[in-house]
Amino acid sequence: MKKFNKHAIISLLTTSTLLVPSITLAQTIDDLTIKSGGIDTLKRMVVNIAGWVAGLAGTIALIYLIWGGVTYMTGGEKGAESGKKMITNAIIGLAIIALSVVIVNAVVGVLSL
């Protein structure tokens, strides 16, 4: 039981640290100010919205990954099987999210030529 509590505390501290923008150097509200400027403004807005959506989806996928790990460790035989599926799905989700960010940036980069 003590080992589980130690891992739970470490996971909680790690997750809470990742959710603080100033520590993780994530976008802040000041970075999202959009000035008037036509197409340039539209491109910036698309990239900002995609970044916010990817960040939110990544946070949800990370929480799902942690939940899968806890299920894997504490769920017995059925929990281990369920936890493996959750971890696999979370990793696939994170890969899809990362690829979507790359695709959006590539499209915006091509359009800005």
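Remarks
- Selected residue [crowded, with 16+ Cβ neighbours inside 10 Å, touching a Lys or Arg at 6+ places or on another chain (Cβ under 8 Å) and touching a residue at least 12 places away in the same chain (Cβ under 8 Å)] from GLY68, GLY51: GLY68
- Looking across LYS78, LYS85, one residue alone is in a helix (DSSP H, G or I), modelled with pLDDT of 90 or more and either exposed (fewer than 11 other Cβ atoms within 10 Å of the Cβ) or at positive phi (or both). It is LYS78.
- Among the residues listed as LEU56, LEU94, the single one being at pLDDT 90 or above, part of a helix (DSSP H, G or I) and exposed (fewer than 12 other Cβ atoms within 10 Å of the Cβ): LEU56
The values are calculated or read from the model by the stated rules, or taken from the named source; none is laboratory data. The structure displayed is predicted, hence computed values, not measured ones. Note: ideal-geometry Cβ built from the backbone for every residue, glycine included; neighbour counts use all protein chains shown.
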